[in-house]
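Working notes for the structure below.
The values are calculated or read from the model by the stated rules, or taken from the named source; none is laboratory data. Worth saying up front: this structure is predicted, and the values here are computed from it rather than measured. Methodologically, a virtual Cβ is constructed for each residue, glycine included, from the backbone with ideal geometry; neighbour enumeration extends over all protein chains shown.
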Amino acid sequence: MTPDRRPRGAALAAQGRLPAERVALVDLLDRLLAGGVVVSGDLVLSIADIDLVRISLRALITSVRASDTIPSAHPPGAVTVVRTSEATTPASAPGPPDHGAPR
Amino acid sequence: MAETGTYLYAIAQDLGRPLAAAVVGVAGAPVHTITHEGLVAYVSPVPLDEFGEEPLRRSLEDLDWVGETARAHHRVVEAVSEETPTAPVRLVTVYTGEDQVRDLLRHRHDDFAAVLAHVTGRREWGVKAYAAPAAADSPAEGESVAESGKPGTAYLQRRRASLRNREDVWRRAAEQAEHVHAALAAASVASHRHRPQDPELSGREDPMVLNGAYLVDEDRAEEFVAVVDGLRGQGIDLELTGPWAPYSFTVLDLGTAGLEVLDDT
């Protein structure tokens with residue numbers, strides 16, 4: 001049984017990080033897509049009507065993650081702790097539990 | 001010639017004069033103003049063959065397009081908010097014409113006035129907290145086990161220790177993040193927690209445990225920054241961004257209700 005061939009850090013490093021400019025863009029999009037005045041209605045076209053950016057970003061994340069081997073280390077018995085934390089704060093947990101081991 | 005729409009960036013308190021410098025908006029068009037009773041809307045024309053409903057559906061799937069548009073939008077909001085209290089409008093809000101924007105100012109005058117009063121003299125600061133990387137994980141401990149002559153066992157033990165360690169680091173960081181947020185909320189006028197960014201978007205492998213926004217009086221900014229600095233360490237890395245225009249504190253949902261009133265004008 002090979003417990004883990006690629007530690008998380010190595011997997012991420014291999015993919016390359018997003019450039020700095022895009023990192024700042026993420027902070028900006030937090031605000032531009034979740035903050036501010038929202039107007040919607042017949043006379044206006046807005047993100048409220050076209051909720052695709054979120055979907056698009058989610059797709060991006062999913063697509064990146066799908067090719068990622070991050071959470072694949074199914075360590076033997078003792079290390080079930082990883083899951084408990086998931087339950088506490090899903091949004092920031094280290095890795096989704098449902099990824100399964102990539103083959 | 002393509003039809004044009006009116007892209008709305010922000011509603012602000014009317015300066016009674018133009019901005020110090022002309023600013024270019026999305027699609028390279030110069031920004032101009034529409035005013036009504038102490039309020040001003042910053043707008044620019046956009047071609048509907050790019051900003052109409054159908055083209056937008058495609059464009060919004062293109063992260064580069066979104067990025068470019070977001071930065072142009074932000075540039076305008078920044079320029080305005082440096083001079084006057086500003087309520088940024090959500091990304092990509094396009095009206096069919098300027099009359100509709102004027103009507104918005106007229107019918108929602110009091111709502112905007114209230115929002116602007118709330119942010120006057122205040123700026124938004126962003127504080128993100130990451131679980132600090134597990135320093136000196138457990139290699140030293142692992143090495144001594146390795147000497148026992150069973151590299152496989154040693155590997156697994158090291159691996160377990162490492163995961164347990166990472167887990168502890170994360171849990172402590174999450175707890176500390178709650179403490180940090182409470183302290184920053186106390187040092188600010190209002191606070192808002194955005195969803196923590198995914199590592200793939202944040203660009204950092206360490207899990208984000210807090211993505212907070214804090215509305216701070218301008219003359220208390222130094223104090224706020226000092227509070228942030230005082231909270232550094234203790235298992236988390238803090239990243240301070242800002243000051244921002246008060247994006248996170250001008251959320252005002254103006255649905256169709258306000259626009260229906262337009263019918264009787």
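Among the residues of the stretch B:219-257, the ones that are facing chain A (nearest Cβ under 9 Å) and among the hydrophobic types (A, V, I, L, M, F, W, C) come to 7 in all. Of all positions in the stretch B:118-129, at least one carries a residue that is assigned to a helix (DSSP H, G or I), under 28 Å from the mean Cα position of the chain (by Cα) and at pLDDT 90 or above. Scanning the stretch B:155-202 for residues that are over 30 Å from B:V119 (Cβ atoms) and touching a Gly at 6+ places or on another chain (Cβ under 6 Å), we see that the one that is nearest to the other protein chains (Cβ to nearest Cβ) is B:A173.
Annotation note: of B:T69, B:T6, B:T35, B:T84, the sole residue that is closer than 26 Å to B:F249 by Cβ, part of a helix (DSSP H, G or I) and not hydrophobic (A, V, I, L, M, F, W, C) is B:T69. Scanning the stretch B:84-101 for residues that are over 16 Å from the mean Cα position of the chain (by Cα) and at pLDDT 95 or above returns B:T84, B:P85. Taking the stretch B:204-259 as the range and being surrounded by 21 or more Cβ atoms within 10 Å (Cβ to Cβ) and among the small types (G, A, S) as the test, the residues that pass are B:G212, B:A213, B:A245, B:S248. Selection over the stretch B:63-92 of residues that are within 7 Å of chain A (Cβ to nearest Cβ), touching a residue at least 60 places away in the same chain (Cβ under 8 Å) and farther than 18 Å from B:V24 by Cβ gives a count of 1.
For the stretch B:62-82, give me each residue that is farther than 23 Å from B:E3 by Cα, of a type in the set (D, E) and surrounded by 15 or more Cβ atoms within 10 Å (Cβ to Cβ). B:E78 - this is the single residue of the stretch B:62-82 that is farther than 23 Å from B:E3 by Cα, of a type in the set (D, E) and surrounded by 15 or more Cβ atoms within 10 Å (Cβ to Cβ).
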